[in-house]
Amino acid sequence: MPYSVSPIGFVRSCFKEKFAIPRQPQLAPAARGVLEMLPPFDTGEAVQGLEQVSHVWLLFLFHRTLESQPRLKVRPPRLGGNQSVGVFASRATHRPNGIGQSVVRLDKVEPGRLWLSGIDLLDGTPVLDIKPYVPYADCIPAAVNGIAASAPTPIAVDWPERALAQAREHGLRLGEPLVELIEQCLAQDPRPAYQIPPPERRYGARFWDVDVRWHYPEPGRICVLETVLA
Ligand code: SAM
């Protein structure tokens, strides 16, 4: 008999498209969202005790990249996108069963809702399970990963006055740390590593209901061009 799983809830996230979402959680602490639980998990009983926990593991479905044919090799962005490794040596979204896992900060617990930050999840992501982060077991200071040894070095993000004023205004309207969110995400350099960005090329992504556009005046440096209502 085939196994089946079904979501316990869906994430409402600041990220409305895949581009510019950090490649792991915690890289953008200002990335916030709410996990809205489905019945019968929405009454508060299933999350009782979770208020004593600062971080949780989310197990979720990469619902936008599900594939019928499993890949054996993938090309992780960390290796420049032009070198392949076995799918199980990577955290790529294209994987058998399409299951993702992220440790995220749990800011607030309400019956039926978990308020999260530091997320790397697309809006609408189906969540399969939640588990409390257990520091003594889950944190291994001596762990080694030769493919992704440390967090990527952030790149500089410049804000011309007008773009910064626009972002501050939208942040106030949304009640969200929008300037920090944009800065933290762009500092991860969302563009594929194999692309050399000519200064005239414009890039864009949507955060909450705001379209952000930027370019690279020189490699390794981002300049935000505008932050406008989508
Ligand atoms: N931390 C998770 C893990 O290790 O399983 C996710 C890592 S994966 C490399 C992170 C990327 O997944 C993000 O940059 C975003 O582009 C993509 N992503 C996030 N939510 C998704 C979803 N629901 N469907 C497809 N792709 C998604």
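Excluding Val53 itself, what net charge comes from residues whose Cβ is under 13 Å from its Cβ, given Lys and Arg +1 and Asp and Glu -1? The answer is 0.
Dividing the radius of gyration of the alpha carbons in region 172-230 by their Kirkwood radius gives 0.98 for Rg/Rh. With 0.36 nm allotted per residue and the present C-alpha distance subtracted, the Lys131-Lys73 stretch has 18.0 nm of extension available. In the neighborhood of Ala167, defined by Cβ-to-Cβ distances under 15 Å, what is the net charge if each Lys or Arg adds +1 and each Asp or Glu adds -1? For residues surrounding Ala167, the net value is -4. Starting from the Cα of Gln48, step 7 Å toward the Cβ, then list every residue of region 117-143 with an amide N under 15 Å from that point. Hits in region 117-143 for Gln48 at 15 Å: none.
Its residues counted as N, region 127-177 yields a C-alpha radius of gyration over 2.2 N^0.38 Å of 1.95.
For region 107-230, a Kirkwood radius taken over Cα pairs fed into Stokes-Einstein (10 °C, viscosity 1.306 mPa s) yields D = 93 µm²/s. As a length-normalised measure over Cα pairs under 8 Å and 6 or more apart, the relative contact order of the chain settles at 26 percent. The smallest convex shape that holds all Cα atoms of region 7-58, its convex hull, gives 100 Å³ per residue. Other residues with beta-carbon under 13 Å from the beta-carbon of Leu114 carry, at +1 per Lys or Arg and -1 per Asp or Glu, a net charge of 0.
Only one residue of Pro217, Ala205, Gly146 has its Cα farthest out toward the positive end of the dipole of the chain, where Lys and Arg carry +1 and Asp and Glu -1 on Cβ, and that residue is Gly146.
Just how many % of Cα pairs in the chain lie over 27 Å apart, if you round to the nearest whole percent? Roughly 39 percent, rounded to a whole number.
Element breakdown for the chain at a 1.4 angstrom probe: carbon and sulfur atoms account for 55% of the accessible area. Within a straight-line Cα-Cα reach of under 27 Å, Lys108 can be paired with the following lysines, leaving aside sequence neighbours fewer than 8 residues apart in one chain: Lys16, Lys18, Lys131.
Using all C-alpha to C-alpha distances in region 38-138, build P(r) with 10 Å bins and read off the rounded percent in each one. The distribution over region 38-138 is 14, 38, 30, 15, 3, given as percents. Whole-Hz Karplus ³J(HN,Hα) for region 215-225, in order, using 6.51 cos²θ - 1.76 cosθ + 1.60 and θ = phi - 60°, x for Gly and Pro? These are the phi-based 3J(HN,Hα) values: 9, 10, x, 8, x, x, 9, 10, 10, 6, 9 Hz. Note that the chain presents 57 Å² accessible area per residue, ligands and nucleic acids not counted, probe 1.4 Å. Take the Cα of Lys18, step 7 Å toward its Cβ, do the same at Arg201, and the gap between the two points is 1.8 nm.
The values are calculated or read from the model by the stated rules, or taken from the named source; none is laboratory data. A quick note: this is a predicted structure, and the numbers were derived from the prediction, not measured. Heads up, the Cβs are rebuilt from the backbone with ideal geometry, glycines too, and the neighbour counts pull from every protein chain shown. The area values use the complete protein model at the heavy-atom level, side chains included, leaving out ligands, DNA and RNA. Shrake-Rupley method; radii C 1.70, N 1.55, O 1.52, S 1.80 Å.
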